[in-house]
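Here's the structure, in structure tokens; my notes come after.
The values are calculated or read from the model by the stated rules, or taken from the named source; none is laboratory data. Note that the coordinates shown come from a computational prediction; the quantities given were computed from them, not determined experimentally. Cβ: placed from backbone, ideal geometry, glycine included. Neighbour counts: every protein chain shown. Each accessible area value is taken on the protein alone, full model and side chains, heavy atoms only, with ligands, DNA and RNA left out. Shrake-Rupley method; radii C 1.70, N 1.55, O 1.52, S 1.80 Å.
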Amino acid sequence: MLSVFRSNQLLNSVLLLFYAAVLHISSVLLPNDWAPSSPGLASQWVYDVVGMHYNWMTMGLVCTLLTVQATMLNAIVLEHRLGEEQNLFAGVFYVLFCSTLPELMYLSPPLMANTFLLIVLGELYKVHKNPSAETAIFNAGFWVGMAALFAPVYLAFLIWVFIGLNSMRGLVFKERLMAFTGALTPFLLAGAWLFWHGQLQDGIQQQFIKGFGWMHFQPGDNFSVWAAGILSGLAVLIVLASAAGLLRRKSIQVQKKVSLLYWLLLLAGALILVQPGIQIAHWLIAAIPVGALLGLAFINLSDRWAEAIHILLLATILILQYKQFFLP
């Protein structure tokens, strides 16, 4: 199956829509009770429009969003030549990670916010040795602010933008101010709209007061919690163990860009701790770096081993999704 995506033709990413659909059917056939934890202002607006009940229409929306995000990730990896081989593995493993368990498949705030975080990643990669990077720097901050309107804790990814600027360009205070101004802009626009409609106080309460917490876990199915923890931990161990191989024989520019993914993974893990009402869905905060780095790691495997491990992962995930038919 991986052979279909062993191509540098970005158009093949459309096939990930069917890949995502196969993984998401279980969430409609075996629905669970789910409600988002601490949605931002923008994600709450989405729920007011489409609702929270998961059905075939919502599944189609989620699968389409996943495909768009996977295509964006593939485009970034291809454009910046992060792997030794040009293929679409990053998008494959992004979709796979986001579809591991039914609790990850809903239209959650982190899933929506990841769209804008991918734009931030692309903008950061543009600033390396770019004498006219002001627009990209402002845009990186702006899209962090947009992501935070969907999932409030994503505002902390502004720290990651600063780390990226340090790595790519050095310490320039003016550029930090540009990124900060960009991040502030969506909140100023949202605040003006809320003030005009007399909802500013409620908006501040939802976005900032309820949007952050510390080590506050929401009760859930013990099996799913353990399964999510083990699978996510395994994925993180794989990408950490692959670090040396992913950085070896790469140019300094590519090394910096791959290292930025590891910084994103580190900060994503820390952000889960300050998310109020922690759910399994919040594992999606780490989906972008895990998907990208797993895709790069699989490039270094032989075709036979990569295919075998991928099939094993896919079978394990399907068994977990339909566990009531396989496990007592």
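When you restrict to C-alpha pairs under 8 Å that are six or more residues apart and normalise by the size of the chain, the relative contact order lands at 25 percent. Computed from label points 7 Å out along Cα-Cβ, the spacing between Leu189 and Ile159 is 2.7 nm. Note on Ala241 and Thr181: their simple-model spin labels are 4.8 nm apart, each label 7 Å out from Cα toward Cβ.
Relative contact order, whole percent, for segment 1-86 stands at 48, derived from Cα pairs under 8 Å and 6 or more residues apart.
Leaving ligands, DNA and RNA out of it, report the carbon-plus-sulfur percent of the accessible area of the chain at a 1.4 Å probe. Show your work: numbers first, answer last.
Numbers: 10430 of 15000 Å².
Ligands and nucleic acids excluded, carbon and sulfur give 70 percent.
Sorting Arg304, Arg249, Arg81, Arg176 by accessible area puts them as Arg304, Arg249, Arg81, Arg176; the probe is 1.4 Å, largest comes first, and only protein heavy atoms count. Only one of the values (i) 29, 27, 17; (ii) 34, 22, 18; (iii) 36, 22, 17 was calculated from this structure for semi-axes √(5λ) of the Cα gyration tensor in Å; name its label. The calculated read-out lines up with (i).
Size of the dipole of the chain about the Cα centre, Lys and Arg at +1 and Asp and Glu at -1 on the beta carbon, nothing else charged, in debye to 20? Mind showing how you got there, number by number?
Numbers: 15 positive and 13 negative charges, 193 e Å.
It comes to approximately 920 debye.
With a 1.4 Å probe and all protein chains in place, put Phe195, Phe298 in order of accessible area, largest first. Please list the in-between numbers first.
Details: Phe195 145, Phe298 10 Å².
Descending order: Phe195, Phe298.
Taking all protein chains into account, the per residue accessible area for the chain stands at 46 Å² (1.4 Å probe). Relative contact order of segment 118-157: 34 percent, from C-alpha pairs under 8 Å at least 6 residues apart in sequence.
Distance between the modelled labels on Thr64 and Tyr322, one decimal in nanometres: 2.7 nm (7 Å Cα→Cβ projection).
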